[in-house]
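Here's the structure we're looking at; comments come further down.
The values are calculated or read from the model by the stated rules, or taken from the named source; none is laboratory data. Bear in mind that the values here come from a model prediction, so they are computed numbers and not experimental data. Virtual Cβ from ideal backbone geometry, glycine too; neighbours counted across all protein chains shown. Protein only, heavy atoms only, side chains kept; ligands, DNA and RNA dropped before computing areas. Shrake-Rupley method; radii C 1.70, N 1.55, O 1.52, S 1.80 Å.
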Amino acid sequence: MNIIWHDEQMPKMKVNEKNGVTYLTYPQLEAIPGVVHGFSTRLGGVSEGIYSSMNLSFTRGDDESAVRENYRLLGAAVGFAPEDIVTSDQTHTTNVRLITAEDRGNGITKPRPYTDVDGMVTNVPGLVLATFYADCVPLYFVDPVRRAVGLSHSGWRGTAGKIGAVTVEKMKAEFGSSPADIYAAIGPSICQDCYEVSGDVIKQFQSVFARKYWEWLYYAKDNGHFQLNLWEANRIILMEAGIPENHISLPNLCTCCNPEFLFSHRASKGRRGNLGAFLGLTD
Ligand SMILES: [Zn+2]
């Protein structure tokens, strides 16, 4: 598979292959002991057609037994058990939930007892947080000092609502995390050149980001629309929340530029499966 990196000069995510399953990791998070993490690709699963092949969504029309097999294959490659997963219920909110031992298996082995959860934090070893994507922005958080993790889904609405900052606040409140200790990673998602938005979206970004940032966040086009940079917006949010710049990993990898390698909502016009982000503390 020929991967198109956004910028050949920038650091790249690590591409791992195990038993035919290809998944991505961040060197900076891999260097932290006692943490398991990964981001899935389309490669190595058993789903067919528009879900080919590593679809992780039970709700987009794919065969349930194929999705369950995909979780088993991916977990075996990355290093976690599917029954330890806790899934989000993503509805583009900025709700971040504290995940405890009772949540183990939510959305996999049993129904979720909650709705409208776009971010999760936990300090329980052995749980694996999971959120889902096809262009929106995954945000990973690891506090190696207080031993806690967070994982949040940040589409344009979540980014305008600064769910990255909400997640940091939740880690401060629940675990006493200091932002200066936190390592964060922005996951594979749609790049600025692929992400055209309307003026209404830009107005919302102007209302929540200081003017000095606007030139980094978007540019106007002749057709009256704009190209929005969700990677830079989230990087600014994480830095304003107090995370050191050199603790933040960028994806350098666009879902829409790589529609055979990653699921992209825009590239597929909505006919697609889901990618998954996974993060947990090991026992
Ligand atoms: Zn792109």
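Descriptive notes on the structure:
- Accessible surface comparison of Ser198, Ser53, Ser65, probe 1.4 Å, protein chains only, largest first: the order is Ser65, Ser198, Ser53.
- Full extension of the chain between Gln206 and Glu83 yields a length gain of 40.1 nm, computed as 0.36 nm times the residue separation minus the alpha carbon distance.
- The heavy atoms of Glu48 present about 140 square angstrom of accessible area, all protein chains included, probe 1.4 Å.
- Among the lysines of the chain, pairs that are 8 or more positions apart or on different chains and have alpha carbons within less than 19 Å of each other number 6.
- Förster-model FRET efficiency, 45 Å R0, Glu215 and Thr100, C-beta, rounded to 0.05: 0.55
- Given R0 = 41 Å, the distance between the Cβ atoms of Ile50 and Thr282 translates into a calculated FRET efficiency of 0.75.
- Measuring nothing but how far apart in sequence close Cα pairs (under 8 Å, 6+ apart) lie, relative to its length, the chain scores a relative contact order of 24 percent.
- Average accessible area per residue (Å²) across the chain - probe 1.4 Å, nucleic acids and ligands excluded: 41
- Partnerless cysteines, meaning none of the other Cys C-beta atoms lie under 4.7 Å away, in the chain: Cys136
- Highest-MSF residue in the chain out of Gly38, Gly150, Gly107 [GNM, Cα springs under 10 Å]: Gly107
- Just checking the listed ones, Met239, Met54, Met171: in the Gaussian network model of the chain with Cα springs under 10 Å, the one fluctuating most is Met239.
- Taking amide H positions as modeled 1.01 Å from N, with prolines and chain starts lacking one, the residues under 5 Å from Val35 and 5 or more places away or on another chain are Thr282.
- Percent carbon-and-sulfur accessible area, the range 1-143, ignoring ligands, DNA and RNA, probe 1.4 Å: 49
- The range 175-215, accessible surface, carbon-and-sulfur percent (1.4 angstrom probe): 45
- Debye log10 I(q)/I(0) at q = 0.12, 0.13, 0.14 Å⁻¹ for the chain, Cα point scatterers: -0.69, -0.82, -0.96
- Estimated from helical segments only, the mean residue ellipticity of the chain at 222 nm is -6500 deg cm²/dmol, where each DSSP H run of four or more residues counts as -39500 (n - 2.57).
- Counting heavy atoms of the protein chains alone, Lys14 has an accessible area of about 90 Å² for a 1.4 Å probe.
- Heavy atoms of Thr93: accessible area, 1.4 Å probe, square angstrom to 10: 30
- For Tyr114 and Asn2, the difference between the fully extended length at 0.36 nm per residue and the C-alpha to C-alpha distance is 36.4 nm.
- R0 of 51 Å, Cβ-Cβ distance Ser268-Arg147: FRET efficiency to nearest 0.05: 0.85
- Listed residues Asn223, Asn234, Asn106, most fluctuating in the chain (Gaussian network, C-alpha, under 10 Å): Asn223
- Sparse-neighbourhood loop sites, trypsin sites (Lys or Arg not before Pro) in the range 235-273 - DSSP loop, at most 16 other Cβ within 10 angstrom: Lys269, Arg271
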